[in-house]
Amino acid sequence: MRIGFLQLRVRFGEVKANVRRAVSLLSNVCDATIVLPELFNTGYLFKNLKELDSLAEPVQRGYTTDQLRKVAQKRNLNIVFGMAEKHGRACYNSAVCVTSKGKIDVYRKIHLFDREKLFFAPGQSLKVTAAPGARLGMMICFDWIMPEVARVLALKGAQILVHPANLVLPWGQDAMRTRCIENRVFGVTANRIGTERRGTLNLTFTGGSQIVGPTGEILVSAGDRSDSLKVVEIDVAQADDKHVTTANDIFADRFPAVYKPLTLRDPRR
Ligand code: ACM
């Protein structure tokens, strides 16, 4: 199967322009699973809740989902993208998967980064979605810092970690290589480039989008200067073999009974 990323420069608040640009670039590709950045339609640095509320959309029947669902069906794509989701009175930092068959699935970011905590409600569950061709484990940006996320997704059967991102710290890409090695899965990180300035706030996104194989090899990556659409062919069944040596299967070798602290909020107490 073919998997890829669309690395983008995003203009804050210009939802229609951001979506149009993504749709136009996606019209150059077909028959693939493509990941877009976190919050790719709105931008990242919201000034206040009112501003977020005015830009967030429902996933079902929202403008962004509708546009991407159309291109997914037309080009035989599965597309995973990040957006600000409005659900009742809450907003979530969500990853949406629209498949070539029209199915829609959503993951709401659990581990919110820095100022995101002022705006978004955290998600409550991890999601592996069955898309045509592969089982996709959905995670968003700073979720990389919790190894439990990728591990749980892999244990739930994910073959590919799909990772919309707005990475600003220098470690995310390297950490994702480790997440792939320790779970023997593929990983697709789609990051932004450019600097977003909002009054006294500014952030520079690190680019470096990448596709990683189950032994941590970088199959393809992007720089930090330009929009980039890259696709590679993979044998996704490689992610089903958890052997590191003939004697070591990383899932069979686990001792869950000794990992109990992982399930406690503060095991030091
Ligand atoms: C991040 O989680 N957007 C850094």
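Things to note:
- Fraction of antiparallel bridges per DSSP, segment 69-196 only, in percent to nearest 5: 70 percent
- Positive contributions from Lys and Arg (+1) and negative ones from Asp and Glu (-1), summed over other residues with Cβ under 13 Å from the Cβ of ASP31, come out at +2.
- Beta bridges per DSSP, both residues in segment 153-251: antiparallel share near 75 percent.
- Magnitude of the charge dipole, the chain, Cβ model with Lys/Arg +1 and Asp/Glu -1, debye to 20: 820 debye
- DSSP beta bridges in the chain [antiparallel fraction, %, rounded to 5]: 70 percent
- Once C-alpha pairs closer than 8 Å and six or more residues apart are averaged by separation and normalised to the residue number of segment 197-269, the relative contact order reads 15 percent.
- Interatomic Cα distance distribution for segment 43-163, bins of 5 angstrom, percent: 2, 12, 21, 22, 19, 15, 7, 2, 0
- In plain terms, the chain from ARG198 to GLN238 could stretch by 10.0 nm, reckoned as 0.36 nm per residue minus the Cα-Cα distance.
- For segment 149-191 versus segment 1-50, the gap between their alpha-carbon centres in whole angstrom: 19 Å
- Calculated on the Cα set of the chain, radius of gyration then Dmax: 17.8, 57 Å.
- With viscosity 1.306 mPa s and temperature 10 °C, the Kirkwood radius over alpha carbon pairs of segment 181-269 converts through Stokes-Einstein to a diffusion coefficient of 96 µm²/s.
- Span-rule helices in the chain, defined as complete DSSP H runs reaching 15 Å or more along the axis (Cα) with Kyte mean at least -1.0: 15-26
- Normalised contact order of the chain, rounded percent, pairs of Cα under 8 Å and 6 or more residues apart: 19 percent
- Where chymotrypsin sites (Phe, Trp or Tyr not before Pro) in DSSP loops with at most 14 other Cβ within 10 Å are excluded, longest remaining stretch of the chain: 1-170
Every read-out reported here was derived from the displayed coordinates using simple, explicitly stated rules and does not represent laboratory data. The structure presented is a predicted model; accordingly, all values stated were derived computationally and were not measured. Heads up, the Cβs are rebuilt from the backbone with ideal geometry, glycines too, and the neighbour counts pull from every protein chain shown.
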